[in-house]
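Visitor: Below you will find the structure I want to go over with you.
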Amino acid sequence: MKPTILVSWLDMDRLDRMLDSLPSAQAGARDALLDELGRASLAEPWEMPPNVVTMNSRVCFSFADSPQRVTMTLTYPKDMNGGAEQLSILTPVGTALLGLKVGDAISWERPDGGQFEVQVHGVEYQPEREGVYHR
């Protein structure tokens with residue numbers, strides 16, 4: 001069973017607009033993100049708990065099959081600049097992380113049909129925690 005996720009209405013609005021503009025070649029990523037957003041609870045940005053992964057959060061996570069922790073920033077595709085520490089929301093890992101809180105783990109389907117499990121260890125930066133809503 002997937003853990004409950006929490007998304008700010010501001011992120012939801014921005015993600016909806018992004019999804020509306022995606023080319024048909026990204027239908028799989030769009031559908032996966034739409035499914036995930038469909039099960040999200042909504043919160044005011046200023047009421048977002050500080051331990052929840054939101055858009056533009058810098059999150060520390062690991063995969064169940066590896067002890068190595070990874071720290072990346074969850075990013076909109078338009079903001080991707082090729083940085084190694086950026087993670088697009090349209091990737092399976094990015095979609096899986098959105099809305100999780102520290103300590104949560106989720107199993108997710110890989111594009112090849114296999115599964116991976118990802119666990120959140122920390123939210124090093126969260127825009128909402130810093131009062132940054134216009135990003």
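Visitor: Does GLY94 meet the test of being buried (at least 18 other Cβ atoms within 10 Å of the Cβ) and within 18 Å of TYR125 (Cα to Cα)?
Guide: Judged against the criteria, GLY94 is a match.
Visitor: Looking only at residues in the range 51-89 that are closer than 20 Å to HIS134 by Cα and modelled with pLDDT under 95, which one is surrounded by the most Cβ atoms within 10 Å (Cβ to Cβ)?
Guide: Selected residue: PRO77.
Visitor: Keeping to the range 102-135, report how many residues are exposed (fewer than 12 other Cβ atoms within 10 Å of the Cβ) and either under 21 Å from ALA27 (Cβ atoms) or without any contact (Cβ under 8 Å) to a residue 60 or more places away in the chain (or both).
Guide: 9
Visitor: In the range 79-135, what residues are farther than 14 Å from VAL53 by Cα, of a type in the set (Phe, Trp, Tyr) and out of contact with any Asp or Glu (no Cβ under 9 Å at 6 or more places or on another chain)?
Guide: Matches in the range 79-135: TYR133 only.
Visitor: Kindly check whether there is at least one residue in the range 53-72 that is closer than 25 Å to ARG17 by Cβ and free of Cβ contacts under 8 Å to residues at least 24 places away in the same chain.
Guide: yes
The values are calculated or read from the model by the stated rules, or taken from the named source; none is laboratory data. Please read these numbers as outputs of a predicted model, since none were measured by experiment. Cβ: placed from backbone, ideal geometry, glycine included. Neighbour counts: every protein chain shown.
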